[in-house]
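Here the structure is laid out as structure tokens; the discussion comes afterwards.
Any read-out appearing in this document is the output of simple, stated calculations on the displayed coordinates, not a laboratory observation. The structure displayed is predicted, hence computed values, not measured ones. No Cβ is skipped: glycine too gets one built from the backbone with ideal geometry, and neighbour counts run over all protein chains shown.
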Amino acid sequence: MLKPLSITLIIALTASTALAETFNITSGSTTNAGNNFNGSDTVNITGALNTGSTANEFGIKTDGDKNTIILSTTGSIITAGIYADGIVNSGEEVIEEWSLVSALARLNYVFQDKYLLTATIRSDRSSRFGANNQTGIFPSVSLGWRANQESFLSGVDEINELKLRGSYGVTGNFEIPNYGAIGLLSGANYVSGTSQINGVAPSTSSNADLTWETSYQMNVGVDYALLNDRIYGSIDYYTTTTEDLLLFVTVPAASGFDVALTNIGEVENKGFEFSMTSRNMVGSLNWATDFNFAANQNTVTKLGPEGDDILSSGAAGARHITRIGDAIGSYYGYVVDGIYQSQAEIDAAPVDRLVGSGGARPGDFRFKDINGDGEITSDDRTVTGSYHPDYTFGITNRFEYKNFDFNIFIQGVMGREVLNLSARHLKNGEANVGSYAVLNDRWISESNPGNGEHPRADRSSASHGNNNRPSSYQVEDGSYVKIKNLSFGYTLPDEFLNGAFSRARIYTAMTNVAIFTDYVGFNPEVNLQANSSLTPGEDYGAYPLSRTIQVGIDLAF
Amino acid sequence: MKKSLLILLLPVLFISCSEDFTVLGPISERNVVNYYKTQSDFEVAINGAFDALQSNGTFGVNYVLFMEMRADNTENGGGATGLAATLEQLDKFEEIATAGELNSTWIASYEGIARANTILSRIDEVSFTSDDVKNRIKGEALFVRSLLYYHLGVIFGNVPLITAEVTAPQNMNLNQVSAAEVMTQIATDLTTAEGLLPSTGRVSSGAAAALLGRVYLQAGDKASAVAPLKRVVSSNVYSLEANYADVWGPGNEGSSEILFQVEYMSGNVGEGSSYTDMFTASGVAGGVGGGSAPQTVTQDFIDSYEAGDLRQAATLSDSATVEKYEDTPTAPFDSDVNWVEIRYAEVLLNLAEAVGEGAEGYGYINQVRARAGLAAIDGTTPGSYDDKLLHERRVELAFENKRWPDLLRHGKAKSVMASQLGIAEASVTLLFPIPQSQIDVAPDEMSQNAEH
């Protein structure tokens, strides 16, 4: 849902001081060798060596005795928290460093301006990985054939460009913490009598074998331009297999750790992309349409030595699963199978081992006995949806008539589910204010059962039917179609400009114009844990999108 | 083309010249590669193992829920909603395997075990300037690990038995064993620790022997419990405090009755105890208990005191709330009161249980009764020896996390709790469920306790 213009006022006072410094040292050497053999083919060979090292320093800067801060303290704000009389009584400085050594060799070969070949091989060694496995080798090759240059197409005027492309390449990912492979210690102080005494304890686990996450991508595609460039675009099909995923996976706490950074599993992404620009009308009225469409299928194909599932916790307990055959980070929980209408119905249903002390009551959810063993246990959890959409599209229409222009951009995401964690409070009467309107359709009594989708209001369902357990109830359809941008402009005729400007355009534009969705939260584009691929798609009170209206003048000199 | 090939090879040559360039260790953070190298490193690391005992997942809060609130001395306030509703479920044997307290207890206990394991796995490779210090640290690590495993064994029963540093958590062998095997390991470790530890200190050889006696009793081996408990008595290091109330509180940390205590201090430096806020009447507003104590003392317990028992006033306030750990912290969860885990009165009562009925056994019980201002008992006093002993333990060791293991050990948990709560004996489970998330992470290696 879009709210009208919103105003956010942020007033921040802070009592801590931090410095961030980054040093980058990069040295490189590049050698090029080129040779035109006989005018019709070109060879270009590049060799390069790059070394880079980055140190980040952040924290509170202190002078030598670590007691007096260098940054001046003025006023009373700073003394409120950490400082008293300019003395630092808490603070820390953290210095980190990472380095990368890369070598690259590239070969470009063009034959008769029709056949194109690029081959690259690079080798990277990163300090972030375990001492045993720092180096990754990443080759790639791409081939192109400009078919429209062939004699058999030279007479076909309708085809302005037809290029067939194919490529295969390997890439690596090293976006992990600087010391991801080395177990760190942190303070764990204890007490002796009336004094605190220093202690340390491991806080992260080591992994000397940690190495590159590697993606193998195959791509075939066509670039086309037809009918005097009235229609042009590209079509692509790809499969990407990513091995040795770098993931923080939950590990048995008996190890002393909750999570460990590890190379685990393999994910396959298969997809199709299509883009087309059509200049529908050319003349005094110009009308062009850009259309793009993409479908991607994400499937986990391997996991760990035994293929064990990975359960992951986001903002509210373990509600995601990564398992072979499903999309990474799929939602995982019980399946709602209707609402109990009467005590007799509860008594006749499979025994639910997860209900609270007071037992389920009429109006509570009936959960599905997935494995059919006659009772509801943790074995009855299953995949209930995924954040990965089935397909996405975008359509832009651009109109120009005389000096007027008009653009509209529509975006769509289909077949995506969102895990609405706020539903645990806003659909059951727990919130004092601001509940979702669907609460009106809740079960009230056997004779007034609402729309059959929402359970009775219950502020402590943990003691009763446990309606808030991870389930299909919190998984909502997050598909949407959105009018993302509208703009309307008028370009002043040259005679008004008097030569003062080369161009002047007056315009008005609106973003987030309207959204069409069944999702009950503010914004189906939400992704609370955006930096964790194992727990995507959570919404726990995300801000609504603001609608912006702009009025402006573009001036060019 | 020959020239081009040479250029292609050039970068590869550079790489082989700069191996060290990407060998970088943390600059400002201590880590497992550069630490655990000297005696002083281990002197600091062992403090980290003790730190795990302070945690809310262990003695800070959760052990009280499992070892004390579960039993018949106290109950959850009742009518609890929200977060406290799960405490009520724990009190009434209605908890489910996903209850957060189960998992946080599991995690915090194994964190302490891992800290001890890391020390034990690495200490022998490092030469110390003092063998006494090395022995003390090894003994302390074994003691901390044993104390945590004792709690895991009583609470969860069938738990992974890990006795070495885990270097690859994702591929670890979980080794889930029975409670009996856990107790056997503890007995071996405490026997070793007793030989390594000094006669006094934050963990003495006496503390290790006392815990060993307790573990033997809990494992049902009374005969083996006698010798270590008698070693504590004959060491003459420990004695009963003249005044019962003088065992607890900030001024009494040096009491000769205390064999082992988890130390806390106030001052808002993260070393305070949560107990006062959670379970006594004078918690600070902002603490979970907010001063109104989710742990409510049962009438049955109040009524169990004999007339004239001096312990009652030190244990219970006038309004029948827990008085033993009263304090007046100025910040939430920041009480100065240490957790007294092993004290001499328990040693005497354990010894009375180990030797069985007879003059010697009554003698140990009567030492404890005399301090409480009560007349001696003997074979002619009504009731069975076990009942008299259990009663004495109940009032002497009230709110000290001993009641639930007492009921378990004497086979009374089902009958006592069923009658107190008005539920069927079948509903009274003897073990807590293993946290669901610990089963989920390794479903092939971990199995749930049969009762759940």
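Some values worked out for this structure:
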| quantity | calculated |
| --- | --- |
| All-pairs alpha carbon distance profile, region A:122-252, 10 Å steps from 0, percent | 10, 24, 18, 16, 13, 9, 5, 3, 1, 0 |
| Simple spin-label estimate for A:Ile549 and A:Ile137 in nanometres, 7 Å along Cα-Cβ | 6.3 |
| Over region B:118-234: Kirkwood hydrodynamic radius from C-alpha pairwise inverse distances, Å | 14.9 |
| Calculated [θ] (222 nm, deg cm²/dmol) that DSSP helices of n ≥ 4 give over the protein assembly as shown, each run adding -39,500 (n - 2.57) | -6500 deg cm²/dmol |
| Distance in nm between pseudo-label sites at B:Asp124 and A:Ala457 (7 Å out along the Cβ direction from Cα) | 6.6 |
| Subset of A:Lys163/A:Lys270; B:Lys134/B:Lys230; A:Lys270/A:Lys368 violating a 30 Å alpha-carbon distance limit | A:Lys270/A:Lys368 |
| All-pairs Cα distance distribution in region A:464-520, expressed in whole percent, bin size 5 Å | 4, 13, 12, 10, 9, 9, 8, 8, 6, 6, 4, 4, 3, 2, 1, 0 |
| Whole-number D in µm² s⁻¹ for region A:269-345, Kirkwood Cα-pair radius fed into Stokes-Einstein, 20 °C, 1.002 mPa s | 123 |
| Long-range HN-HN contacts of B:Val177 with modeled amide H, under 5 Å | B:Val159, B:Leu161 |
| Per principal axis, descending, Cα span of region A:107-178 in whole Å | 60, 21, 12 |
| Percentage, to the nearest whole number, of Cα pairs in region A:271-412 over 23 Å apart | 61 |
| Reciprocal of mean inverse Cα separation for region A:361-431 (Kirkwood radius, Å) | 17.4 |
| Dimensions (Å) - region B:405-452, Cα atoms, principal axes, largest first | 37, 21, 13 |
| Over region A:336-393, volume per residue of the alpha carbon convex hull, in Å³ | 115 |
| Cα-based shape type of region B:134-195, given that a ≥ b ≥ c are square roots of the gyration tensor eigenvalues and the cut on a/c is 1.5 | oblate |
| Taking N as its residue count, the alpha carbon Rg of region A:252-300 over 2.2 N^0.38 Å | 2.44 |
| Of the trypsin sites (Lys or Arg not before Pro) in region A:328-372, those whose Cβ has at most 16 other Cβ within 10 Å and which sit in DSSP loop | A:Arg353 |
| Proximal aspartates and glutamates to A:Lys302, defined as alpha-carbon separation beneath 19 angstrom and excluding residues fewer than eight positions away on the same chain | A:Asp209, A:Glu213, A:Glu243, A:Asp244, A:Glu266, A:Glu268, A:Asp326, B:Asp440, B:Asp444 |
| Directionally averaged shadow of region B:199-277, computed from the convex hull of its alpha-carbon atoms, nm² | 6.8 |
| For the protein assembly as shown, alpha-carbon Rg and Dmax in angstrom | 35.2, 122 |
| Linear extension gain, A:Tyr168 paired with A:Leu439, 0.36 nm per residue minus alpha-carbon span | 92.3 nm |
| Counting all C-alpha pairs of chain B, share separated by more than 34 Å (%) | 36 |
| Average Cα contact separation per residue, region A:460-557, under 8 Å, 6 or more apart, as relative contact order % | 30 |
| Kirkwood-based shape ratio for region B:334-452, expressed as Rg/Rh from alpha carbons | 1.09 |
| Calculated from backbone phi, Karplus (6.51, -1.76, 1.60) coupling profile of region B:34-44 in Hz, x at Gly/Pro | 9, 9, 6, 10, 10, 4, 5, 4, 6, 4, 7 |
| Angstrom value of the Kirkwood radius, inverse mean 1/r, which spans all Cα pairs in region A:413-496 | 15.9 |
| Using alpha-carbon coordinates, inclination of helix B:100-122 to the longest axis of chain B, degrees | 60 |
| Amide hydrogen neighbours beyond the local backbone of B:Leu316, cut-off 5 Å, H modeled | B:Glu323 |
